[in-house]
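All remarks here apply to the structure that follows.
The values are calculated or read from the model by the stated rules, or taken from the named source; none is laboratory data. Just so we're clear, the structure is a prediction, and the values are computed from it rather than from any experiment. Cβ placement follows ideal geometry from the backbone for every residue including glycine, while neighbour counts extend to all protein chains displayed.
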Amino acid sequence: MCSVVPGRFSTIFISVRATSPGYNKNNRVGYDKLGAGQNATVAVMSDSGYDIEDAIVFNKSSLDRGFGHCIRMKRYTVAMQKYGNNRSEKNVKPERDKDDILKKQNMQVLDKDGYAEPGLIIRDGDIYVNKKTPKNTAKSPGVTSTDRDYEDSPAIYKGDDDETTVVDRVILSSDSNDNLTIKCIIRHTRRPEVGDKFSSRHGQKGVCGTILQQEDFSFSERGICPDLVMNPHGFPSGMTVGQMLELLGGKAGASCEQFYYGSAFGEPSGNANKVEDMSYTLVKHGFNYHGKDLLYSGTLGHPLQAYIFMGPIYYQKLKHMVLDKMHARASGPRVALTRQPTGGRNSNRGLRLGEMERDCLIAHGASMVILERLLLSSDPYQAQVCRKCGLLGYYNHRLKTSFCSFCKSGENMQQLMMPYVCKLLFQELTAMNVVPRLKLTEG
């Protein structure tokens, strides 16, 4: 587990049980001294449909033993603002009744000083800084302020209900404007789940496709059960031939209790071990020359019809985790100009259905899904169109009639649903002296 300077980074990820690589000992940058992953027993086989597109099938018992666990440390910063009337935002202790019971349940992580207490579990909606802001920030010299002159503006933690997050530490400092700054670092220990991303040192990356029980995993004649299963189609698509060499060298090194060093470059010094030497070591210790093993099916019990390439490979967990990317919403904020949903994952924003997704829906012939996604769930607008001139009109709410400004009449008006940005585009083109006209037909 590596140590970092607290409060310097907004989000950091720490590997819980990092180990040194069992292969490639003579590293030029000293990577073997600072572990950033774990040695996993990998079986290269296509056992199910959950390993397509470079996905990885994990052994649940390996995850129970701590494989791939990490700690996410996220910093939340709150600044106490100063104002021109010698007033500033302040922090107050949580209010309690006469029986010493908190008046608000979301203040249970606060200490007596009004800051979150390190070591306590913090949940969604809890207050971690009990801040108050003055109601009047205008200059008024000579006026003393009371508690009534302040209003509550607490810093509220936003997280998932399923997470077990802990207040790691609270740091008090000052910013460039000499304002008091409170940095709360929240710690969350995470276990690998379906959708998390992993990679070897060769760039053979993939997400977790599924997690199986160990009794459903294939096992070798010696009783060795792999930690994860990767698809053999990942080698030609990723062109990671060096990973084959690492598997062979790692298996040979584990059998004779020494480190093997493999290099893709023909070094004149001859430090790199040759494939023939590694294969000879495997044969010497009772393994197959090519590093393959006879595996038995964990579900049926009979031997598999092919020998499986299996051995240790150094795998790393990447910071791309499904818990940080998973997002869905029903309705939420919209952009004032276009009336379309705002983008992004924060603040309950919308999900973009792009051109490529639209192409897939067109290819499937799902016309009503396209109508719903691109119009009904986005920016529907009831436009008034003149059938005579084809220009956009307007609706008079006082007279409850439609009217065309060009024809000076409301007789040939037709109500039409269109995206609001389409109406906005027509108006901007009209402002540029380009007149778009709509030709309406009877539906």
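Considering the range 73-96, the residues that are among the charged types (D, E, K, R), in contact with a Lys or Arg (Cβ under 6 Å, 6 or more places away or on another chain) and in contact (Cβ under 8 Å) with a residue 24 or more places away in the chain include one that is nearest to ARG191 (Cα to Cα), namely ARG75.
Per this entry, ILE186 is counted among residues that are surrounded by 18 or more Cβ atoms within 10 Å (Cβ to Cβ), at pLDDT 90 or above and not aromatic (Phe, Trp, Tyr). Regarding LEU425, is this residue at pLDDT below 90, within 30 Å of GLY332 (Cα to Cα) and within 45 Å of the chain's Cα centre (by Cα)? So LEU425 does not fit the description; no. Here is the figure for the range 17-71: residues that are without any contact (Cβ under 8 Å) to a residue 40 or more places away in the chain and either within 21 Å of the chain's Cα centre (by Cα) or farther than 23 Å from LEU245 by Cα (or both) total 3.
Taking the range 323-352, which residues are more than 30 Å from TYR157 (Cα to Cα) and either among the charged types (D, E, K, R) or modelled with pLDDT under 90 (or both)? Of everything in the range 323-352, nothing turns out to be more than 30 Å from TYR157 (Cα to Cα) and either among the charged types (D, E, K, R) or modelled with pLDDT under 90 (or both).
Each residue in the range 150-168 was checked for being assigned to a strand (DSSP E or B) and either without any contact (Cβ under 8 Å) to a residue 40 or more places away in the chain or not charged (D, E, K, R) (or both), and 8 of them qualify.
Only one entry of GLY242, GLY223, GLY203 meets the criterion of being surrounded by fewer than 22 Cβ atoms within 10 Å (Cβ to Cβ), modelled with pLDDT under 95, out of contact with any Gly (no Cβ under 8 Å at 6 or more places or on another chain) and not in a strand (DSSP E or B), and that entry is GLY223.
Does ASP216 satisfy the criteria of being surrounded by fewer than 17 Cβ atoms within 10 Å (Cβ to Cβ) and at positive phi? In short, no. Taken over the range 130-170, the criterion of being of a type in the set (A, V, I, L, M) and modelled with pLDDT of 90 or more is satisfied by VAL166, VAL167, VAL170.
Checking each residue in the range 63-109 for being of a type in the set (Lys, Arg) and assigned to a loop (DSSP other than H, G, I, E, B) picks out ARG65, ARG87, LYS93, LYS98, LYS103, LYS104.
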